Amino acid sequence: EPTLSIPIRENVFKTEGEPNITNEGDITEKIDKRLPIDYKRVVLSAIGVIILAALLYFTKKAEVQPDPDEFQRQIDAIFKEYSERLAGLEHTISYQLSENITINNIEDMVKIADEVGQPVFYYKVDSSIERKIEFFVFDNIRTYYMVIFGELEPDIEE
């Protein structure tokens, strides 16, 4: 018969003896049998996972960005060439109070900015209502100004 000794003020206690209680229906023998592996199902599952992963990969890769329109190509070319010379504005600037000089190309804007020692500022609007980018160079009372307009895309509802 098992005995249990728990000493006072000790963290460890000790059990001795073998349990001798038996119940009906006890498992008395150990059965060691493996379930058969259905290799066909495993292989088909693995192939399915590989096909699913490949479909997800190629679907993600196949999402093609639409080709940029002429407006976006012009802007991309300007930023590629002159990005370190341009300073973006969060809001457009009222330039009506100064003498306005309209410039036709970005190369001339950069030359003027070099001459007057000022950066080329820009403000871009690309919404469903308006698409344009404005460039400014400020020189005392004169404002050098250039604008590129983009075509608006028609609404699907229209």
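Values as computed for the structure displayed
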quantity	calculated
Filter pass, residue 100 being open to solvent by 60 Å² or more (accessible area, probe 1.4 Å), part of a strand (DSSP E or B), over 20 Å from residue 152 (Cα atoms) and not basic (Lys, Arg)	yes
Matching residues in segment 83-103 - criterion: being out of contact with any strand residue (DSSP E or B) (no Cβ under 7 Å at 6 or more places or on another chain) and either closer than 13 Å to residue 133 by Cβ or among the polar types (S, T, N, Q) (or both)	83, 94, 96
Residue tally, condition acidic (Asp, Glu) and loosely packed, with under 10 Cβ neighbours inside 10 Å, over segment 45-80	2
Candidate set from segment 79-89 (those that are of a type outside the set (D, E, K, R) and free of Cβ contacts under 8 Å to residues at least 24 places away in the same chain); member that is nearest to residue 113 (Cα to Cα)	83
Single unsatisfied condition, residue 111 versus (1) of a type in the set (D, E, K, R); (2) open to solvent by 50 Å² or more (accessible area, probe 1.4 Å); (3) more than 15 Å from residue 145 (Cα to Cα)	(3)
Residue count for segment 25-44, restricted to those that are among the charged types (D, E, K, R), assigned to a loop (DSSP other than H, G, I, E, B) and either surrounded by 10 or more Cβ atoms within 10 Å (Cβ to Cβ) or modelled with pLDDT of 70 or more (or both)	6
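Condition check ((1) surrounded by 18 or more Cβ atoms within 10 Å (Cβ to Cβ); (2) under 37 Å from the mean Cα position of the chain (by Cα); (3) modelled with pLDDT of 90 or more) across all residues:
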position: 105; (1), (2), (3): no, yes, yes
position: 120; (1), (2), (3): yes, yes, yes
position: 127; (1), (2), (3): no, yes, no
position: 136; (1), (2), (3): yes, yes, yes
position: 140; (1), (2), (3): no, no, no
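For (1) at pLDDT 90 or above; (2) within 30 Å of residue 112 (Cβ to Cβ); (3) polar (S, T, N, Q); (4) assigned to a helix (DSSP H, G or I), each residue gets a yes or a no:
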residue: 47; (1), (2), (3), (4): yes, no, no, yes
residue: 51; (1), (2), (3), (4): yes, no, no, yes
residue: 57; (1), (2), (3), (4): no, no, no, yes
residue: 60; (1), (2), (3), (4): no, no, no, yes
residue: 64; (1), (2), (3), (4): no, no, no, no
residue: 68; (1), (2), (3), (4): no, yes, no, no
residue: 71; (1), (2), (3), (4): no, yes, no, yes
residue: 77; (1), (2), (3), (4): yes, yes, no, yes
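The values are calculated or read from the model by the stated rules, or taken from the named source; none is laboratory data. All figures in this text were calculated on a predicted structure; none of them were measured in a lab. All Cβ positions, glycine included, derive from the backbone under ideal geometry; neighbour counts span all protein chains shown. Surface accessibility is based on the protein's heavy atoms, side chains included, excluding ligands, DNA and RNA. Shrake-Rupley method; radii C 1.70, N 1.55, O 1.52, S 1.80 Å.
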